[in-house]
1. Collect the residues in region 99-132 that are within 23 Å of residue 166 (Cα to Cα) and more than 20 Å from the chain's Cα centre (by Cα), keeping them in residue-number order.
2. Taking residue 201 as the residue in question, decide whether it is under 24 Å from residue 273 (Cβ atoms), among the acidic types (Asp, Glu), in contact (Cβ under 8 Å) with a residue 24 or more places away in the chain and surrounded by fewer than 18 Cβ atoms within 10 Å (Cβ to Cβ).
3. Scan region 138-159 and tell me whether some residue there is in contact with a helix residue (DSSP H, G or I) (Cβ under 6 Å, 6 or more places away or on another chain), among the aromatic types (Phe, Trp, Tyr) and under 28 Å from residue 41 (Cβ atoms).
4. Quick check, is residue 133 without any contact (Cβ under 8 Å) to a residue 40 or more places away in the chain, over 24 Å from residue 52 (Cα atoms) and surrounded by 15 or more Cβ atoms within 10 Å (Cβ to Cβ)?
5. Pairs needed: first member in region 147-162, touching a residue at least 60 places away in the same chain (Cβ under 8 Å); second member anywhere, among the aromatic types (Phe, Trp, Tyr); C-beta distance under 9 Å; at least 6 residues apart or different chains.
6. Scan region 179-204 for residues that are basic (Lys, Arg) and away from ligand 2 (no atom under 16 Å from the Cβ) and jot them down.
7. Tell me, yes or no, whether region 205-212 has at least one residue that is β-branched (Val, Ile, Thr) and more than 16 Å from ligand 2 (Cβ to nearest atom).
Amino acid sequence: MHDVLETAIADGRMGDRLWLYATYHCNLACVYCLTESHPRIADRRRLSDEAMVRAAREARELGFTCVGITGGETFMLPSFPETLAEIASILPTVALTNGTLFTDRVLERLERLAGADAALQISLDSDVPDRNDALRGPENFAKVVEAVPKLVARGIRVRIATTVDGQDAAELDGVCVLHRSWGIPDDDHIVRSVVRRGRADVEGMGVVPGEHDILPELTLTADGAFLHPFAPTVRHGVTDLDLLVSRQIAPLEVPAAAFLRIVADQAVGADVVRNIR
Ligand SMILES: C[S@@+](CC[C@H](N)C(=O)[O-])C[C@H]1O[C@@H](n2cnc3c(N)ncnc32)[C@H](O)[C@@H]1O
Ligand code: SF4
């Protein structure tokens with residue numbers, strides 16, 4: 001399988017990253033959230049630490065070259081700093097986070113990431129506190145601007161992710177002024193549209209992704225394996241199964257084989273533009 005996977009990556013049929021949905025639980029309830037995450041969610045759909053570490057090991061064997069961990073809020077998991085460090089020791093890892101849970105104790109536990117091949121990708125939608133917080137929740141802006149310099153000072157690589165629904169160019173430039181002031185380069189600033197799935201669909205927000213807009217990247221959740229990280233969304237409390245690849249997630253070669261069969265039929269080449277990441 002290693003060679004087939006490497007060829008599919010080289011052909012642009014799939015990404016080289018394995019995505020893990022650590023949990024659907026969250027301390028925030030952003031207006032556009034793909035996963036309808038919120039503090040009182042009934043079904044947290046969490047992957048155990050052991051399942052995530054095992055998947056990372058198997059991913060390395062199969063030829064994946066990096067891991068992404070998302071949710072829900074990754075830092076809702078009590079052991080996440082240690083689990084992240086363990087996964088990053090297996091493959092380069094980026095963990096997506098809302099940046100609101102970095103107490104001094106968590107920052108101390110994250111110090112082990114300095115020098116590791118790991119990054120924290122923190123969401124920030126505006127340089128105007130009220131506009132950011134209207135999308136993402138009260139106090140979110142203040143907590144992010146407090147946390148980022150503390151992480152950077154500890155030698156932890158931070159990326160910024162901006163999710164766009166109506167922000168104008170000046171506002172997006174303002175986010176760039178902020179991240180540059182923290183020493184975060186432009187290459188580590190991701191800007192993407194709200195995708196009309198999950199809560200964004202219920203609210204009528206964002207863009208409907210075209211067939212080829214999103215690069216297939218094998219994505220594991222407690223509900224099964226999916227075609228890309230914008231696929232395992234939740235609408236009115238129910239997981240969307242339109243982009244399910246396999247109910248089985250372990251051993252990884254089972255969903256990886258099903259995924260490879262699907263991406264073998266996907267269009268690739270210079271005419272295929274992937275707009276959403
Ligand atoms: C679902 S969150 C999970 C990680 C973490 N809780 C956070 O907010 O960064 C991952 C990223 O997806 C973005 N996101 C959430 N809903 C989205 C949507 N409907 N379309 C596009 N991106 C979305 C968030 O802004 C965040 O940057
Ligand atoms: S976007 Fe992230 S922070 Fe916001 S509700 Fe969803 S999981 Fe939580």
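1. To start, the set of residues in region 99-132 that are within 23 Å of residue 166 (Cα to Cα) comprises 99, 121-132.
Result: 127, 128, 129, 130, 131.
2. no
3. yes
4. Working: without any contact (Cβ under 8 Å) to a residue 40 or more places away in the chain: yes; over 24 Å from residue 52 (Cα atoms): yes; surrounded by 15 or more Cβ atoms within 10 Å (Cβ to Cβ): yes.
So residue 133 passes the test.
5. Nothing qualifies.
6. Here is the first cut: in region 179-204, the ones basic (Lys, Arg) are 180, 192, 196-197, 199.
Across region 179-204, the qualifying residue is only 180.
7. Taking region 205-212 and keeping what is β-branched (Val, Ile, Thr), we get 207-208.
Those left that are additionally more than 16 Å from ligand 2 (Cβ to nearest atom): 207-208.
There is at least one residue in region 205-212 that is β-branched (Val, Ile, Thr) and more than 16 Å from ligand 2 (Cβ to nearest atom).
Yes or no, residue by residue, for (1) within 16 Å of ligand 2 (Cβ to nearest atom); (2) crowded, with 22+ Cβ neighbours inside 10 Å:
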position: 39; (1), (2): yes, no
position: 44; (1), (2): yes, no
position: 58; (1), (2): no, no
position: 61; (1), (2): no, no
position: 66; (1), (2): no, no
position: 70; (1), (2): yes, yes
position: 86; (1), (2): no, no
position: 93; (1), (2): no, yes
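The values are calculated or read from the model by the stated rules, or taken from the named source; none is laboratory data. Keep in mind that this is a model prediction, so the values were computed, not measured. FYI the Cβ positions are ideal-geometry reconstructions off the backbone, even for glycines, and counts take in every protein chain you see.
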